[in-house]
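What follows is one structure encoded as structure tokens, with my remarks underneath.
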Amino acid sequence: MPLAHAARVTRGRAYTAIDRTDGRRSIVVTADLSSSSANANSILSEIRKRELPPLLADVPGLQVALGGEMARQVEALSSLAVGFFLAHIVMFAILAIAFRSYLQPLLVMSAIPFGMVGAVWGHVVMGYELSLVSVMGVVALSGVVCNDSLILIVTVNRNRESGMGLLDAVIAACRRRFRPIFLTSVTTFFGLAPIILETSVQARFLIPMAISLGFGILFATLIMLLIVPCNFLILEDAREYAARLLAGSRNRPAAATVPIGGPAETYADAAE
């Protein structure tokens with residue numbers, strides 16, 4: 001029997017295959033990006049802002065989930081965030097044991113945010129986008145940046161133990177440790193410079209991490225030599241002010257209590 005006698009034939013489009021995820025129909029949308037003219041994160045943000053809201057409103061029950069490289073990137077960033085937080089807790093605990101203080105470790109770690117700022121500006125100067133490898137470099141940068149401020153705080157404490165005043169101890173520590181701190185940071189930056197300036201394709205994977213480390217150390221050192229001594233002076237002034245307030249509250253005489261409704265002689269005695 002001819003097909004036209006058994007059915008009505010119309011031309012159109014149909015699914016060549018129906019994919020399901022957890023029992024629901026799914027469609028995978030993929031794309032390849034040109035690294036020279038496009039950024040996956042900015043494109044994904046634009047899609048979420050402009051394209052997805054109309055689709056979610058028009059199609060009831062539609063769900064969108066990341067997959068492939070973007071899903072692995074989100075998972076890696078979340079694990080890095082947890083590791084970054086735990087590493088800082090361990091660093092703080094070790095410094096607190098060494099200094100026997102809960103405040104001086106904060107002074108040592110105060111240089112970490114400036115290192116992050118330097119890493120971001122390094123990517124801007126070199127024309128690179130922030131990537132997962134850049135974040136790994138920032139995580140490694142956190143431990144390296146603390147070395148310079150650690151040396152400075154230890155020298156200040158030793159100067160104070162030898163009998164110096166607060167301001168003199170800070171100034172002497174900055175003078176004594178400026179050269180080793182500056183030279184250590186500069187040599188580290190120039191040691192990473194060949195990787196930063198490398199143009200081969202094989203090295204492009206490591207360049208963002210080298211930029212984060214090199215520019216982060218250089219920028220944090222220049223700022224740390226100014227910020228950490230100032231923070232140390234502010235901390236000691238706050239300690240002294242708190243001690244004065246505590247001593248004043250302890251030495252303050254107790255107020256006399258006057259019974260309400262007593263005779264006039266009682267009030268006169270209390271006034272005397």
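The values are calculated or read from the model by the stated rules, or taken from the named source; none is laboratory data. This structure is a prediction, so every number in the text was calculated from the model and none was measured. Here the Cβ positions follow ideal geometry from the backbone for every residue, glycine too, while neighbour counts run over all protein chains shown.
When you go through M224, M209 one by one, which is the residue that is assigned to a helix (DSSP H, G or I), at pLDDT below 85 and within 20 Å of C146 (Cβ to Cβ)?
From the options M224, M209, the qualifying one is M224.
Out of all the residues in region 39-51, is one or more part of a loop (DSSP other than H, G, I, E, B) and either out of contact with any Phe, Trp or Tyr (no Cβ under 9 Å at 6 or more places or on another chain) or touching a residue at least 24 places away in the same chain (Cβ under 8 Å) (or both)?
Checked region 39-51: at least one residue is part of a loop (DSSP other than H, G, I, E, B) and either out of contact with any Phe, Trp or Tyr (no Cβ under 9 Å at 6 or more places or on another chain) or touching a residue at least 24 places away in the same chain (Cβ under 8 Å) (or both).
Can you tell me which residue among R175, R204, R239, R179 is over 24 Å from I153 (Cα atoms) and of a type in the set (K, R)?
When all the criteria are applied, what remains is R204.
Quick check on this structure: which one of G83, G115 is touching a residue at least 60 places away in the same chain (Cβ under 8 Å) and of a type outside the set (A, V, I, L, M, F, W, C)?
One residue alone meets the criteria, G115.
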